[in-house]
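Novice: Take a look at the following structure, please.
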Amino acid sequence: MHHDVTTTRVLMGRLRRGDDLLAALTTLCRDEGVTLGRVTALGAVECACVGFYDQQARTYSYLTFDRPLEILALVGNISLRDGAPAVHAHITLGEEDGRALGGHLAPGTRVFACEFTLDVLAGPALTRGYDEETGLPLWPAG
Ligand code: ZN
């Protein structure tokens, strides 16, 4: 299953220091009425929380990093969940020595500096719903 979509707007900007990264991106989408889109970002965080999905247990475990890290890459999408825009993003973070870590972006990741590009897309709505096979809130499969 896929949807044909077109880019209607591109928003570029910077988040504020101290913002919760996931909440700030979600608020941006709500404020701008974005229900379908993709987001990329880079910058740095003061601390981070990322999830890893345990496929057997069907639960997320979370890792917290209470130190400054670079945002090497953030990639995400925006669709509808429970009638509201939901940002699903994964983040790769860089350590002082150049090593990388990352995961599913979770609340508790605090912005130091973050530059984002948000592509606003138009097309049929994509809505997340519970997927029996994975236990995740996914888009419909074809
Ligand atoms: Zn994820």
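The values are calculated or read from the model by the stated rules, or taken from the named source; none is laboratory data. The model shown is predicted, which means the values in this text are computed figures rather than measured ones. FYI the Cβ positions are ideal-geometry reconstructions off the backbone, even for glycines, and counts take in every protein chain you see. What goes into the accessible areas is simple: the full protein's heavy atoms, side chains included, and nothing from ligands, DNA or RNA. Shrake-Rupley method; radii C 1.70, N 1.55, O 1.52, S 1.80 Å.
Novice: What size of dipole, in debye to the nearest 20, comes out for the chain about its Cα centre when the only charges are +1 on Lys and Arg C-beta atoms and -1 on Asp and Glu C-beta atoms? Show your work: numbers first, answer last.
Specialist: On the way: 12 positive and 18 negative charges, 58 e Å.
Its charge dipole is roughly 280 debye.
Novice: Taking the chain as a Gaussian network, Cα atoms linked when under 10 Å apart, which of Gly108, Gly76, Gly18 shows the biggest mean-square fluctuation?
Specialist: Greatest mean-square fluctuation among the candidates belongs to Gly18.
Novice: Here's another thing I want to ask about it. Please work out how much length the chain gains when fully extended from Val75 to Val5, using 0.36 nm per residue of separation minus the C-alpha to C-alpha distance, in nm with one decimal.
Specialist: Values: separation 70, 0.36 × 70 = 25.20 nm, distance 1.78 nm.
Taking 0.36 nm per residue and subtracting the Cα distance, the gain is 23.4 nm.
Novice: In a Gaussian network model over the chain where Cα atoms closer than 10 Å are linked, find which of Leu25, Leu74, Leu11 has the largest mean-square fluctuation.
Specialist: Maximum fluctuation in the GNM of the chain, among the listed residues, is at Leu11.
Novice: Moving on. Among Ile71, Val34, Ala100, which residue has its Cα furthest toward the positive end of the charge dipole of segment 1-133, with +1 on Lys/Arg Cβ and -1 on Asp/Glu Cβ?
Specialist: It is Val34, whose Cα lies furthest towards the positive end.
Novice: Using the Cβ atoms and a cut-off under 15 Å, what net charge is assigned to the surroundings of Pro85, where Lys and Arg are +1 and Asp and Glu are -1? Each step should come with its number before you reach the end.
Specialist: On the way: positive: Arg9, Arg30, Arg38, Arg81, Arg128; negative: Asp31, Glu32, Asp82, Asp119.
Local charge sum for Pro85: +1.
Novice: Per 0.36 nm of contour for each residue apart, how much would the distance between Asp97 and Glu132 grow if the chain were fully extended, relative to their Cα-Cα spacing? The partial results should precede the final answer.
Specialist: On the way: separation 35, 0.36 × 35 = 12.60 nm, distance 4.09 nm.
Gain on extension, Asp97 to Glu132, equals 8.5 nm.
Novice: On to the next question. Helix-only mean residue ellipticity at 222 nm, the chain, DSSP H runs n ≥ 4 weighted -39,500 (n - 2.57), per residue, nearest 500. What is it?
Specialist: Numbers: 1 runs with 12 residues, N = 142.
When only DSSP H runs of four or more count, the value is -2500 deg cm²/dmol.
Novice: Roughly how many percent of the accessible protein surface of segment 18-121 is carbon and sulfur, given a 1.4 Å probe and a whole-percent answer?
Specialist: Details: 2730 of 5300 Å².
The value for segment 18-121 is 52 percent carbon and sulfur by accessible area.
Novice: Okay, next question. If you count only protein heavy atoms with a 1.4 Å probe, what accessible area per residue comes out for segment 18-121, rounded to a whole Å²? Spell out each step's value before the answer.
Specialist: On the way: 5300 Å² over 104 residues.
Value for segment 18-121: 51 Å² per residue.
Novice: Want the number for Glu115 to Arg16: 0.36 nm per residue separation, take away the alpha-carbon distance, what's left? Don't jump to the answer; show the numbers that get you there.
Specialist: Values: separation 99, 0.36 × 99 = 35.64 nm, distance 0.96 nm.
That pair, Glu115 and Arg16, stretches by 34.7 nm at full extension.
Novice: I want to verify a result. In a Gaussian network model of the chain, Cα cutoff 10 Å, which of these has the top mean-square fluctuation: Thr109, Thr92, Thr59?
Specialist: Thr59
Novice: When only C-alpha pairs under 8 Å and at least 6 residues apart count, what is the relative contact order of the chain, in percent? Please list the in-between numbers first.
Specialist: Numbers: 344 pairs, mean separation 52.6, N = 142.
In percent, rounded to a whole number, it is 37.
Novice: Taking K and R as +1 and D and E as -1, what net charge do the other residues with C-beta under 9 Å from the C-beta of Leu118 add up to?
Specialist: Working: positive: Arg9, Arg38; negative: Glu32, Asp119.
Result for the neighbourhood of Leu118: 0.
Novice: Short version: what are the Cα gyration tensor semi-axes of segment 48-142, square root of 5 times each eigenvalue, largest first, in whole Å? The partial results should precede the final answer.
Specialist: On the way: eigenvalues 137, 69, 21 Å².
Equivalent ellipsoid semi-axes, largest first: 26, 19, 10 Å.
Novice: Moving on to the next point. Compute the distance in nm between two label points, each set 7 Å from the Cα along the Cα-to-Cβ direction, one at Ala141 and one at Ala84.
Specialist: For Ala141 paired with Ala84, the spin-label model returns 2.9 nm.
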